[in-house]
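**Q** Just dropping this structure here.
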């Protein structure tokens, strides 16, 4: 019994000692770290913000694209008839006009067939005339002829007529084959490299004789994004209306002729979300050749637009915004970007007279005690 009382008393004593130590430690920490003096920081509601006036302008903008050159027309010359080459009038790398003589195939065989076809026509015509005259005499004769005789005469006349028509067709076919011994250029353009010699045997079943590529005018292909395409249609009833299409060649020089927009492809490329655009250029010196890469520059005059430095444009989920100061308050103004020019956006003018562009990075506020510092 006495032992239990002594244990309880010791436990209470230890508990009291621990409480006193905790209190003393807390008091020491409080006195050590408490602020000796609370300073009053004055709050100034007036703030100074840098702004600049928004000035509408008429500007000429340039959009740049990567393009490549392709021929409007190109043909592969393949012989229509077989034979030995008699003469070659074309030269490698030569510019030829439509209708110029290129190659002559020995025409002797086809001339003989043509003359034979002409003789067959004369023969068939003579037989036709005889049978026609005989049939007509039987019909007009006062003598009595049997129906069989008249029918035979008519039949012979009709067969002679069919034979004559067939001979005319054979003559036409012989003329075509004979004419194909003379190969002429179907287009104007440059002849490429070829390997032909007089005496070579050629036929429609063999390889191409030579290639001709039209170079003047020449076509340049570049791409618009799907967004650019839709925006361009939205602003105009025709693509590239009031636009000037220019080129820079591979050596960085300006091509002297401007282009003419012709058409676009009829599908969007699903891999690049782009649409191919085709423009034609005069190319009288053959400076542009198929498969060459060029820089396409499209210039357009834009009226009543605003130029805004990209640093002052903010992007949100529902579009682009700038901070605008007017009547002692700052608001966010949604903008429509037309295009880019260096480090600036070309923006549609949807602002009111007197709107100022806020240059400082500040949240929108309705505080009336704002000082605007207008910069030039």
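**Q** What translational diffusion coefficient, in µm²/s and rounded to a whole number, does the Stokes-Einstein relation yield for the range 180-260 at 25 °C and a viscosity of 0.890 mPa s, taking the hydrodynamic radius as the Kirkwood radius over Cα pairs?
**A** 140
**Q** Do me a favour and compute the ellipsoid semi-axes for the range 78-207 from its Cα gyration tensor, root of five times each eigenvalue, largest one first, whole Å. Write down the numbers at each step before the final one.
**A** Values: eigenvalues 508, 33, 20 Å².
After scaling each eigenvalue by five and taking roots: 50, 13, 10 Å.
**Q** Please give the contour-minus-distance gain from residue 239 to residue 371: 0.36 nm per residue of separation, less the Cα-Cα distance, rounded to one decimal in nm.
**A** Working: separation 132, 0.36 × 132 = 47.52 nm, distance 4.65 nm.
So the extension gain works out to 42.9 nm.
**Q** If you don't mind, another one. So if R0 is 25 Å, what FRET efficiency would residue 147 and residue 126 give, r being the distance between their Cβ atoms, rounded to the nearest 0.05? Before the final figure, lay out the partial values.
**A** Details: r = 27 Å, r/R0 = 1.09.
After rounding to 0.05, the efficiency reads 0.35.
**Q** Let me ask something additional. Springs between alpha-carbon pairs under 10 angstrom, Gaussian network model over the chain: which of 91, 327, 216 fluctuates most?
**A** Fluctuation is largest for 327.
**Q** Want the number for residue 139 to residue 166: 0.36 nm per residue separation, take away the alpha-carbon distance, what's left? Don't skip to the end; give the middle numbers.
**A** Details: separation 27, 0.36 × 27 = 9.72 nm, distance 2.66 nm.
Gain on stretching residue 139 to residue 166: 7.1 nm.
**Q** Right, here's the next one. How large is the direction-averaged shadow of the alpha-carbon convex hull of the range 165-300, in nm²?
**A** 14.7
**Q** When all C-alpha to C-alpha distances in the chain are sorted into bins of 20 Å, what percent of pairs does each bin hold, rounded to whole numbers?
**A** Per 20 Å bin, starting at zero, the Cα-Cα P(r) for the chain comes out as 17, 23, 20, 17, 12, 7, 3, 2, 0 percent.
**Q** Continuing with the same structure: Which order, highest average first, do 240-252, 263-275 follow once you tally other Cβ atoms within 10 Å for each residue and take the mean per peptide? Walk me through the intermediate numbers first.
**A** Values: 240-252: 14.5, 263-275: 12.2.
Those peptides, ordered most packed to least, come out 240-252, 263-275.
**Q** Next up: Calculate log10 I(q)/I(0) of the range 86-150 for q = 0.14 Å⁻¹, where I(q) comes from the Debye formula with a single equal point scatterer on each Cα and nothing for solvent.
**A** Here the Debye-derived log intensity ratios amount to -0.68.
Only the coordinates and a few stated rules stand behind these numbers; no lab work does. Everything numeric in this text was worked out from a predicted model, so none of it was measured. Virtual Cβ from ideal backbone geometry, glycine too; neighbours counted across all protein chains shown.
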